[in-house]
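Chemist: Once you've had a glance at the structure underneath, I'll fire off some questions.
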Protein chains: 2
Amino acid sequence: MSTVRPKVYRYRTSVRWEGERKGTLSCTDKVDIKFATPPEFQGHPGLWSPEDLYVAAANTCFLSTFITFAQRLGVRFLAYESGSEGVLTTSEGKFKFTEITLTPRVTVADEGDVEKARQALAQAHEHCLVANSMGNRVIVQGEVVSR
Amino acid sequence: MSTVRPKVYRYRTSVRWEGERKGTLSCTDKVDIKFATPPEFQGHPGLWSPEDLYVAAANTCFLSTFITFAQRLGVRFLAYESGSEGVLTTSEGKFKFTEITLTPRVTVADEGDVEKARQALAQAHEHCLVANSMGNRVIVQGEVVSR
């Protein structure tokens with residue numbers, strides 16, 4: 001009888017309030033990020049908001065997961081860029097993200113890589129760990145083009 | 001009979017792959033953030049990872065929500081800082097965050113503000129929109145001290 005020990009990783013950040021509705025976000029050995037409550041919640045424009053960071057986590061994780069599966073499948077891709085839009089709505093007096101839509105656009109070197117790139121997008125959707133951690137839906141509207 | 005139209009806000013970010021397991025994260029009118037897959041997933045050290053951003057979203061949103069409720073309750077606070085730790089584990093072959101622990105430490109001006117600051121922490125826990133959007137538990141271990 002064998003037991004599989006689950007892998008565990010831990011991620012730490014720290015925040016410090018700096019007056020008004022602003023603060024600094026830190027993570028060891030990484031550049032600090034100034035953040036603020038967004039203007040629609042009586043905050044400030046031009047700084048990353050918690051809402052932006054939440055949507056960004058899904059967008060960056062999907063890219064990262066796509067690269068992993070694209071390499072496993074041997075996809076020769078030249079470019080990957082993606083938009084993302086998170087929808088925040090009120091329900092029973094509380095705000096909550098109901099969905100995030102990602103729009104990855106992958107450029108492959110050769111027409112023969114298009115189908116494999118589509119498979120990599122599908123596998124990324126299944127395994128994106130940030131998307132799988134969220135309570136909201138994550139919709140992926142992917143596009144693969146060959147140059 | 002009246003109907004309440006729910007408020008809806010939208011948050012957009014974009015990402016662009018820049019070789020290896022790195023990319024740039026953008027949001028209109030805000031500074032770009034270089035990001036990477038973390039080393040434990042064959043990525044790079046020293047850059048914000050999707051996992052960091054996910055944990056950061058909860059940590060920054062909790063600060064932002066605390067400030068809102070602290071102001072409503074008239075809490076005179078001098079400082080707010082908080083650590084956060086997200087735990088990522090495998091389950092059925094997929095990685096997922098199972099919990100995030102926040103450790104806010106609030107400094108108030110006067111002993112008489114301690115109880116109200118604790119109330120503001122409790123209300124922030126109930127209303128933190130990022131925490132409420134996540135599928136994982138968010139645990140808050142708050143501390144209020146008076147100077």
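Chemist: Assuming R0 = 41 Å, what is the FRET efficiency of B:Ile139 and A:Glu115, from their Cβ-Cβ distance, to the nearest 0.05? Let's see the in-between values first.
Modeler: Values: r = 44 Å, r/R0 = 1.07.
So the FRET efficiency works out to roughly 0.40.
Chemist: If you don't mind, another one. Once every DSSP H run of n ≥ 4 in chain B is given -39500 (n - 2.57) and the sum is divided by its residues, what mean residue ellipticity at 222 nm do you get, rounded to the nearest 500 deg cm²/dmol?
Modeler: The helix-only estimate for chain B comes to -9000 deg cm²/dmol at 222 nm.
Chemist: Report the antiparallel proportion of the DSSP beta bridges in segment A:2-61 as a percent, rounded to a multiple of 5.
Modeler: Of the beta bridges lying entirely in segment A:2-61, close to 90 percent run antiparallel.
Chemist: At 7 Å along the Cα-to-beta-carbon direction for both B:Glu20 and A:Thr103, put a label point, then send me their distance in nm to one decimal.
Modeler: According to this spin-label approximation, the distance is 3.1 nm.
Chemist: Per residue of segment B:78-95, what does 6.51 cos²θ - 1.76 cosθ + 1.60 with θ = phi - 60° give for ³J(HN,Hα)? Whole Hz please, x for Gly and Pro, Karplus curve as stated.
Modeler: Values per residue, Gly and Pro as x: 9, 8, 9, 9, 8, x, 8, 9, x, 10, 10, 9, 8, 8, 6, x, 10, 7 Hz.
Chemist: Sort all Cα-Cα distances of chain B into consecutive 5 angstrom bins from zero, then give the percent of pairs in each bin up to the one containing the longest distance.
Modeler: Reading the bins upward from 0: 2, 8, 15, 15, 15, 15, 12, 9, 5, 2, 1, 0.
Chemist: Tell me, what is a quarter of the convex hull surface for the C-alpha atoms of the protein assembly as shown, in nm² with one decimal? Don't skip to the end; give the middle numbers.
Modeler: Numbers: hull surface 75.8 nm².
Taking a quarter of the hull surface, the average projection is 18.9 nm².
Chemist: Report the longest stretch of chain A that contains none of the GluC sites (Glu not before Pro) sitting in a DSSP loop with at most 13 other Cβ atoms within 10 Å.
Modeler: Longest stretch, sites excluded: A:21-91.
Chemist: Label position 7 Å from Cα toward Cβ: report the copy-to-copy distances for B:Ser91 in nm, one decimal, ordered from shortest.
Modeler: 1.9
Chemist: Additional query: What is the residue of chain A with the smallest Cβ distance to the axis taking A onto B, and what is that distance in whole Å?
Modeler: Residue plus distance in Å, as requested: A:Gly135, 2.
Chemist: Further question on the same structure: Please report the base-10 log of the normalised intensity I(q)/I(0) for segment B:7-48, using a Debye sum with one equal scatterer per alpha carbon and no solvent, at each q in 0.16, 0.23, 0.28, 0.29 (1/Å).
Modeler: So the normalised log intensities are -0.48, -0.76, -0.95, -0.98.
Chemist: So, one more: Where both residues lie in segment A:50-146, what percent of DSSP beta bridges are antiparallel, nearest 5?
Modeler: On the way: 14 of 22 bridges.
Just about 65 percent of them are antiparallel.
Chemist: Could you list A:Thr65, B:Thr60 in order of exposure, starting from the residue whose Cβ has the fewest other Cβ atoms within 10 Å? Before the final figure, lay out the partial values.
Modeler: Numbers: A:Thr65 26, B:Thr60 29.
Exposure proxy ranking, most exposed first: A:Thr65, B:Thr60.
Chemist: Ok, one more. Starting from the amide H of A:Ala79, placed 1.01 Å from N in the peptide plane, find each other amide H under 5 Å away whose residue is 5 or more places distant or on another chain.
Modeler: A:Thr107
Chemist: Further, regarding this structure: In peptide B:23-33, what is the residue-averaged number of other protein chain Cβ atoms found within 10 Å of each Cβ?
Modeler: Values: counts 8, 2, 9, 4, 10, 3, 3, 10, 6, 0, 8.
So the per-residue partner count for this stretch is 6.
Chemist: Under the definition of Cα pairs under 8 Å and six or more residues apart, what whole-number percent is the relative contact order of chain A?
Modeler: Values: 236 pairs, mean separation 27.0, N = 147.
Taking the mean separation of contacting Cα pairs over the length of chain A, I get 18 percent.
Chemist: Here's something else I'd like to know. Taking the protein assembly as shown, how many lysine pairs are there with alpha carbons less than 18 Å apart, if each pair must be eight or more places apart or span two chains?
Modeler: Lysine pairs satisfying the spacing and distance rule in the protein assembly as shown number 12.
Chemist: Continuing with this model, one more query. For segment A:39-103 and segment B:73-144, write down the distance between their C-alpha centroids in whole Å.
Modeler: 22
Chemist: Now for a different question. By how many degrees, 0 to 90 and rounded to 10, does the Cα axis of helix B:114-127 deviate from the longest principal axis of chain B?
Modeler: Result, in degrees: 40.
Chemist: Can you tell me the orientation of helix A:50-72 relative to chain A, as the angle in degrees between its alpha-carbon axis and the longest Cα principal axis, to the nearest 10?
Modeler: Taking the Cα atoms of chain A, the angle to A:50-72 is about 20 degrees.
Chemist: Any idea what the B:Glu126 label distances to the other copies are, label 7 Å down the Cα→Cβ vector, nm, shortest first?
Modeler: Output for B:Glu126: 4.2 nm, nearest copy listed first.
Chemist: From the label point of A:Gly19, set 7 Å from Cα along Cα→Cβ, how far away are the matching label points in the other copies, in nm, ordered shortest to longest?
Modeler: 4.2
Computed from the coordinates by the stated procedures, all read-outs in this text should not be read as laboratory data. Computed from a predicted model, the values in this text were never measured in an experiment. Reconstructed Cβ throughout: ideal geometry from the backbone, glycine too, with neighbour counts over all protein chains shown.
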